[in-house]
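Visitor: Here it is, the structure, as structure tokens.
The values are calculated or read from the model by the stated rules, or taken from the named source; none is laboratory data. Everything numeric in this text was worked out from a predicted model, so none of it was measured. Note that we place each Cβ from the backbone using ideal geometry, even for glycine, and neighbour counts take in every protein chain shown.
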Amino acid sequence: MDDCLFCKIVAGEIPAEVVHTTERTVAFRDVNPQAPTHVLVVPKDHYADAAALAAGDPETSAELVRTAAAVATAEGHGADYRLVFNTGAGAGQTVFHTHLHVLAGRDLGWPPG
């Protein structure tokens with residue numbers, strides 16, 4: 001997708017603070033963090049949202065979660081982190097390239113905001 005922000009980050013056309021990569025994923029810090037650790041994990045291939053990724057490439061969908069766990073561990077949060085997919089504009093998705101938020105480092109009460 002020529003105009004996709006996250007595709008441009010994956011391609012290295014737009015700088016980002018990359019913290020982890022795998023064959024299928026890239027993880028980078030969110031520019032508007034909502035917690036001390038706020039990292040986005042994206043597939044290298046473009047899918048509009050989590051449902052499209054799960055239908056089109058279930059192995060990469062699982063790889064996003066594995067990458068998120070590796071990021072949380074590397075950031076010192078072990079098993080204390082939250083994973084969030086926003087799917088659709090009504091749920092807060094603003095970039096329509098699947099991305100998984102990894103949030104940690106503060107109290108993440110329930111229900112979420």
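Visitor: Going by what's in this entry, would residue 54 be described as surrounded by fewer than 17 Cβ atoms within 10 Å (Cβ to Cβ), in contact with a helix residue (DSSP H, G or I) (Cβ under 6 Å, 6 or more places away or on another chain) and not in a loop (DSSP other than H, G, I, E, B)?
Guide: Working: surrounded by fewer than 17 Cβ atoms within 10 Å (Cβ to Cβ): yes; in contact with a helix residue (DSSP H, G or I) (Cβ under 6 Å, 6 or more places away or on another chain): yes; not in a loop (DSSP other than H, G, I, E, B): yes.
For residue 54, the condition - surrounded by fewer than 17 Cβ atoms within 10 Å (Cβ to Cβ), in contact with a helix residue (DSSP H, G or I) (Cβ under 6 Å, 6 or more places away or on another chain) and not in a loop (DSSP other than H, G, I, E, B) - is met.
Visitor: State which residue is nearest to residue 41 (Cα to Cα) when the search covers only segment 90-113 and only residues that are part of a loop (DSSP other than H, G, I, E, B) and in contact with a Pro (Cβ under 9 Å, 6 or more places away or on another chain). Walk me through how you get there before you give the answer.
Guide: Here is the first cut: in segment 90-113, the ones part of a loop (DSSP other than H, G, I, E, B) are 92-99, 105-113.
With the extra rule that they be in contact with a Pro (Cβ under 9 Å, 6 or more places away or on another chain), the set shrinks to 97-99, 105-106.
Numbers: 97: 11, 98: 8, 99: 5, 105: 17, 106: 19 Å.
Ranking the qualifying residues of segment 90-113, first place goes to 99.
Visitor: I'd like the residue in segment 64-84 that is in contact (Cβ under 8 Å) with a residue 24 or more places away in the chain and under 11 Å from the mean Cα position of the chain (by Cα) and, out of all such residues, is surrounded by the fewest Cβ atoms within 10 Å (Cβ to Cβ).
Guide: Restricting to residues being in contact (Cβ under 8 Å) with a residue 24 or more places away in the chain and under 11 Å from the mean Cα position of the chain (by Cα), the top hit is 65.
Visitor: Further, regarding this structure: Among the residues of segment 18-31 satisfying the criterion of being within 13 Å of the chain's Cα centre (by Cα) and either at pLDDT below 95 or not β-branched (Val, Ile, Thr) (or both), which is surrounded by the most Cβ atoms within 10 Å (Cβ to Cβ)?
Guide: Filtering segment 18-31 for residues that are within 13 Å of the chain's Cα centre (by Cα) and either at pLDDT below 95 or not β-branched (Val, Ile, Thr) (or both), the one surrounded by the most Cβ atoms within 10 Å (Cβ to Cβ) comes out as 27.
Visitor: Turning to a different aspect of this structure: Search segment 85-113 for residues being over 15 Å from residue 26 (Cα atoms) and of a type in the set (S, T, N, Q), and hand back the single one that is surrounded by the fewest Cβ atoms within 10 Å (Cβ to Cβ).
Guide: Per the criteria, the residue is 94.
Visitor: Out of segment 32-51, which residues are aliphatic (A, V, I, L, M) and surrounded by fewer than 16 Cβ atoms within 10 Å (Cβ to Cβ)? Explain how you work it out, then say what you get.
Guide: The initial filter retains those residues of segment 32-51 that are aliphatic (A, V, I, L, M), namely 35, 39-42, 48, 50-51.
51, the sole residue that qualifies.
Visitor: Cβ contacts < 9 Å: first residue without any contact (Cβ under 8 Å) to a residue 24 or more places away in the chain and over 15 Å from residue 64 (Cα atoms), restricted to segment 85-97; second residue assigned to a loop (DSSP other than H, G, I, E, B) and among the aromatic types (Phe, Trp, Tyr), any location; separation 6+ or different chain. Result?
Guide: Every condition considered, the pairs that remain are 89/96.
Visitor: Does any residue of segment 86-99 turn out to be more than 21 Å from residue 32 (Cα to Cα) and not acidic (Asp, Glu)?
Guide: Here is the first cut: in segment 86-99, the residues more than 21 Å from residue 32 (Cα to Cα) are none.
Checked segment 86-99: no residue is more than 21 Å from residue 32 (Cα to Cα) and not acidic (Asp, Glu).
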